[in-house]
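The values are calculated or read from the model by the stated rules, or taken from the named source; none is laboratory data. This structure is a prediction, so every number in the text was calculated from the model and none was measured. Positions of Cβ are backbone-derived with ideal geometry, glycine not excepted, and every protein chain shown enters the neighbour counts.
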Amino acid sequence: MSVLRPFDLVMFDLDGTLVDSAPEIADAVCDTLHRLALPTVTLEQVIGWVGRGTRELLVEVLAYLTHFPPERVRTSALLAVVVTEFRWYYRNRCGTHCVLFPHVRETLDALRQQGTRLALVTNKDAHFTHVVLERLGLMPSFDLVISGDTLPQRKPDPSGVQLCLDRFGVQRERALFVGDSAVDVATARNAGVPIWAVPYGYNAGRPVVEDKPDRLIFNCSALLDL
């Protein structure tokens, strides 16, 4: 007997939606700052800056420490040094201190059993994305993984979502994006697909409900209760 699916394709953000990775990201940031004899930052601050990719995270860190506007930081020689150092430290930290949020694994397994296509659309660079997925045993859960450097554009540009729609031949109304931040809401809106959001993730210290997702769900298991 066939299963009636509300969505043929569900796309997920990674950090803050499926995986609590902020502690290891913060560790790598502090490793980097310590190496360069700069003041360190707190986990809570890093959580407020995660979501737009490694480079933008480090722009926010340096803007905070130097009191320069982000536009000036983006063109600074210091940023290039910090990005290089961070990548080295994060290669050692990545996957060592991250955990799945509740009900993620069983939800992904159940969706796959129903025949739903699953994709990951994240701003995390591909190398780090794959390390996290492998360490947590999630790589087989996804039919397609779009990382921050897979395409020339990254979220909130809709290119990653559009690639998923095209790859699986799914209409927008039969697809869903699940995320935790204003970036994810904007990505879904730009792509013309529904957006559901979890409230526990990383959204610059703001409740994601303020960004008006189509539905606020308290964990991923809500995808199975339709």
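Under 23 Å from Gly115 (Cβ atoms), under 14 Å from the mean Cα position of the chain (by Cα) and not β-branched (Val, Ile, Thr): which single residue out of Gly201, Gly160, Gly148, Gly169 fits that description?
None of the others qualify; the one that does is Gly160.
In region 205-218, what residues are under 14 Å from Asp13 (Cβ atoms) and in a loop (DSSP other than H, G, I, E, B)?
Pro213, Ile217
Are there any pairs, at least 6 apart or on different chains, whose C-beta atoms fall under 8 Å, with the first in region 11-36 and within 29 Å of Ser159 (Cβ to Cβ) and the second assigned to a helix (DSSP H, G or I) and charged (D, E, K, R), and if so, which?
Asp13/Asp184; Thr17/Asp184; Glu24/Arg93; Ile25/Arg93; Ala28/Arg93
Given the criterion at pLDDT below 95, in contact with a helix residue (DSSP H, G or I) (Cβ under 7 Å, 6 or more places away or on another chain) and not polar (S, T, N, Q), identify the matching residue among Ala204, Ala191, Ala197, Ala175.
Ala204
Let me confirm something: among Leu151, Leu133, which residue is touching a helix residue (DSSP H, G or I) at 6+ places or on another chain (Cβ under 6 Å), on the phi < 0 side of the Ramachandran plot and surrounded by fewer than 18 Cβ atoms within 10 Å (Cβ to Cβ)?
Leu151
Can you confirm whether Arg91 is surrounded by 13 or more Cβ atoms within 10 Å (Cβ to Cβ) and at pLDDT below 95?
yes
So which helices (runs of 4 or more DSSP H) are wholly in region 1-80 and hold at least 2 residues that are more than 21 Å from Gly148 (Cβ to Cβ)?
Those helices (runs of 4 or more DSSP H) span 22-35, 43-49, 54-66.
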